[in-house]
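I have placed the structure first, in the form of C-alpha cells, so that the comments after it can refer back to it.
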Amino acid sequence: MKKTIALLLALSMIFALCACGGNTAPAATEAPAATEAPAATEAPAATEAPAATEAPAAVEEPAAESVPDAASLVSPAFVDPLKGWSKYDELIAQIKAETDFAKRTELMHQAEDILMATNCVIPIYYYNDDYMQKDYVDGVYANLFGFKYFMFAKLGNNTKTLRINLASEPDFLDPALNSSVDGACLAVNSFSGLYSYNDEGHTVPACATGYTVSDDGLTYTVKLRDGLKWSDGSDLTAKDFEYSWKRAAADSTAADYAYMLNGFEGYPNDLAVKAVDDTTLEFTLVAPCAYMEDLMAFPAFYPVKQEAVEAYKDWQTSPGGWCQEAGFVSNGAYVCTGWNHDTSMTYEKNPYWYDADKVTVEKLEFMLSADDTAIYAAYNAGNVDFIDTVPNDEIGKLLADKNPEFHIIDNLGTYYVAFNAKSKIFEGKTPEQAACMREAFTILIDRDYIVENNAQCGQVIANSFIPLGMADGNGGVFKANAEDGYFDAMAIVNDPDGTITKAVELLKAAGYKFDEDGKLSAENPIQIEYLTNTNTSHIAIAESIQQDLAAVGIELTIQQQDWNVFLQERKQGNFDFAREGWLADFNDPINMLEMWTTESGNNDCQFGR
C-alpha cells in the first residue's frame, strides 16, 4: 500500500513538473495546483477543486462586456454629424422646395429629429426678454425676434436724446454680415428694408408700398415708395435692392445669412432678382414661400449703397469694412455720426428717411459695455434710459419689488449649449459613442434650477430646439406642449439617482470606466472647457452646469471672452463646448433648421465639416 501511495505521489510530482514547464497560459497552470496537495484527495478533494475553477473571477469581465453597444442607444434618426450630414442638407433642400405645406411640416419634424439625435445641441430653456426702461420713456417696442425699435420713442424728460445700452462693441454693422441680436437692433434703427414690423409684431410696408405674386407663387413684383433717399441725400432705387440682395447671396461676400436667399432661383451667384425700373423690383423663387414678408423685413435683405461699399479700399476681401467707422451711408431712421470704439456710439436722426416726420427723438447714444454691474449702476445713476441686461443677483429684488421699470416680454427662441462636433474630446470615439457621451451631458443638466435661480424670469425649460409656440408653416403650431420633446427635462429633478445611473451607462457605452464611487476613473477623465461671453447670468448658468456634470466626475472649466471675440471663436469652431442662443429671425421652423446646414455661416457645431 505504501509503495502504491509512493508511486502515486511520484506520478503526481511528475505531472506537476510537466505542467509548470509547459507553454499554457498562467490561468491554466494554476488550476491543477489544487490536485498537487495530497490533502486534496483525502479531504473531499474533488469538491475543493471547483473553488479553483470559480476563482476565474466569476469572470467579472462579462459584466463589463454587457455594457450596451453605443449604436443600440442612439436615436433611429441618428446620422454621423460629420461624414453623414449630407442627409440633413438634402432634407433641408427638400423642405425648401416642398409645395405641399402639410408635407413640409412633416419633413421639418424629421429634420429636428436628426438634429436632436446628434446631442450636439442641448436646449436649456425657451427665451423671453427682460430689460429696464425709465418711466419717462414711451413708444419703444420689440418683436418676438428680439429686434428693438427706438425710432418712435417719446421722451417725457424734456430731452431729445435717448441713452441706451444693448451690448458691447458690435461685431458687424453691415446688415448683410451681422448675425447678432444687438447688431440687428442697430440695423433696424439705421437701415430700412422693403418691409418692417409694427408695435404689434406684424409685418408692414417700409420702403415698399406693396407687392403682387404670380399664380404659381414664385414671382414677386414689389413696388417701392417714390422719392426714397440715402442718408447722404442721393436717390435710393430698386437697383440698390438688386445689388444688395445679390451681394448678400454671393459666395464672395461670405455672409452668415447667405443661406436665407437659397430659396431664390440662381442662388448663390446668379440670383433671380432685378430692378424693372426705379420703383419696381422683381424676383423669382424656386418654391412658394409662406414667410416672404418676414424675409423682406430681415436685416440681411436691407439695401446698402454700392458706391459706399466699394469705396472702401479692401472691400473685396473685407466686405464689411465700409461701415466700421462712423459716418457711413444708410437709409433708416438714424445715421451713425460718432463711434468711440468699445465705449460709445452716437446715432442722429436721418432727415431723408421716408418716415422722418414721425421721429421725435433726435439722437440715440449707445453705451458699449457687457459689464452688467456697471450698466446697472449707470442706469440707477440716471446716465442711461434703457438697458437690455440686468445683473443676475438683482433680478430677484426687482421682481419682489414689482419694479415698474423692469419689463419681461415674449421672445421666440431657445437658450442652449452646444458641442463642436469636431472637438478633440471625441477623438477615438465612434460617432455613436460621441452621441452617447453628449446625451449624458444633456440629461445631467438641471434646467429647473437654472430657470428658477439663474434666469429667474419665468422661462420655460426646453427639451427641443424649436421653441414652444412657433408656427408650423401650415396654419398650426409646431410644438404646442412643453412636455413634447426629445427627453424628460425634469428627470434629473424627479429621479436624480436613476438619471445619474443612465448617464453613467451612456458614458460606459462611450468607452469610459468608473470607480466604485460612481465617478469617472482617473484613467479616463473628461476634462472640457466651456466657452461663454462675459455676463453674470451666463456665468451663473455655466457654474450650475459645472456642478451638475461633477455628479459623475466630469471636470468643466469656464472660459470667458469679450462679446465680439466670443462670436468669432464660436463661428470658427475654436471651442469644445459653448453657450449658445438663437432668437428666431421669423416665425417658421425652417429658420432654426436651415442654420445647421453644412455651409451655413451660423453652423457653430461644425456639422458636415
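Here are the numbers for the structure shown:
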item	result
Failed item, numbered, when THR284 is tested on (1) part of a loop (DSSP other than H, G, I, E, B); (2) in contact with a Phe, Trp or Tyr (Cβ under 9 Å, 6 or more places away or on another chain); (3) β-branched (Val, Ile, Thr)	(1)
Odd one out for ALA254 among (1) outside any loop (DSSP other than H, G, I, E, B); (2) closer than 18 Å to PHE172 by Cα; (3) under 24 Å from the mean Cα position of the chain (by Cα)	(1)
Residue in region 561-572 that is farther than 18 Å from ALA370 by Cβ and open to solvent by less than 30 Å² (accessible area, probe 1.4 Å) present	no
Residue list for region 383-432, filter: assigned to a loop (DSSP other than H, G, I, E, B), crowded, with 19+ Cβ neighbours inside 10 Å, in contact with a helix residue (DSSP H, G or I) (Cβ under 7 Å, 6 or more places away or on another chain) and not hydrophobic (A, V, I, L, M, F, W, C)	THR389
Which listed residue is out of contact with any strand residue (DSSP E or B) (no Cβ under 9 Å at 6 or more places or on another chain), farther than 22 Å from ALA356 by Cβ and open to solvent by 40 Å² or more (accessible area, probe 1.4 Å), from ASP174, ASP216	ASP216
Cβ-Cβ under 7 Å pairs, at least 6 apart or on other chains, region 494-520 side among the hydroxyl-bearing types (Ser, Thr, Tyr) and part of a loop (DSSP other than H, G, I, E, B), far side at pLDDT 95 or above and open to solvent by less than 40 Å² (accessible area, probe 1.4 Å)	TYR512/LEU520; TYR512/ASN524
Residue within region 310-318 that is in a loop (DSSP other than H, G, I, E, B) and buried (at least 21 other Cβ atoms within 10 Å of the Cβ) present	no
Residue within region 463-478 that is part of a helix (DSSP H, G or I), at pLDDT 95 or above and among the β-branched types (Val, Ile, Thr) present	no
Near pairs, Cβ below 7 angstrom, 6+ apart or cross-chain, from region 542-569 (within 14 Å of ASP446 (Cβ to Cβ)) to any residue that is of a type in the set (Phe, Trp, Tyr) and open to solvent by 40 Å² or more (accessible area, probe 1.4 Å)	SER544/TYR449
Strands (runs of 3 or more DSSP E) contained entirely in region 323-375, each with at least 3 residues that are open to solvent by 30 Å² or more (accessible area, probe 1.4 Å) and farther than 20 Å from LEU177 by Cα	344-349, 363-367
Selection count, region 564-586, where residues are assigned to a loop (DSSP other than H, G, I, E, B) and within 19 Å of ASP113 (Cα to Cα)	1
Which listed residue is on the phi > 0 side of the Ramachandran plot and either free of Cβ contacts under 8 Å to residues at least 12 places away in the same chain or open to solvent by 20 Å² or more (accessible area, probe 1.4 Å) (or both), from GLY156, GLY210, GLY227	GLY227
Answer from LEU236, LEU261 - the residue that is buried (at least 22 other Cβ atoms within 10 Å of the Cβ), modelled with pLDDT of 95 or more and farther than 20 Å from TRP322 by Cβ	LEU261
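Residues are listed down the side, and each one gets a yes or a no for (1) touching an Asp or Glu at 6+ places or on another chain (Cβ under 9 Å); (2) open to solvent by 10 Å² or more (accessible area, probe 1.4 Å):
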site: MET116; (1), (2): no, yes
site: TYR126; (1), (2): no, yes
site: ASP129; (1), (2): yes, yes
site: TYR136; (1), (2): yes, yes
site: GLY146; (1), (2): yes, no
site: TYR149; (1), (2): yes, no
site: GLY183; (1), (2): yes, no
site: VAL188; (1), (2): no, no
site: PHE191; (1), (2): no, no
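So that you can scan it fast, the table gives a plain yes or no per residue for (1) under 22 Å from GLY485 (Cβ atoms); (2) part of a loop (DSSP other than H, G, I, E, B); (3) in contact with a helix residue (DSSP H, G or I) (Cβ under 9 Å, 6 or more places away or on another chain):
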residue	(1), (2), (3)
GLN94	no, no, yes
ASP113	yes, no, no
MET116	yes, no, no
TYR126	yes, no, no
TYR131	no, no, no
ASP135	no, yes, no
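The values are calculated or read from the model by the stated rules, or taken from the named source; none is laboratory data. Predicted model, so just to flag it, every value in this text is computed and none were measured. FYI the Cβ positions are ideal-geometry reconstructions off the backbone, even for glycines, and counts take in every protein chain you see. Only protein heavy atoms, including side chains, enter the accessible area calculation; ligands, DNA and RNA are left aside. Shrake-Rupley method; radii C 1.70, N 1.55, O 1.52, S 1.80 Å.
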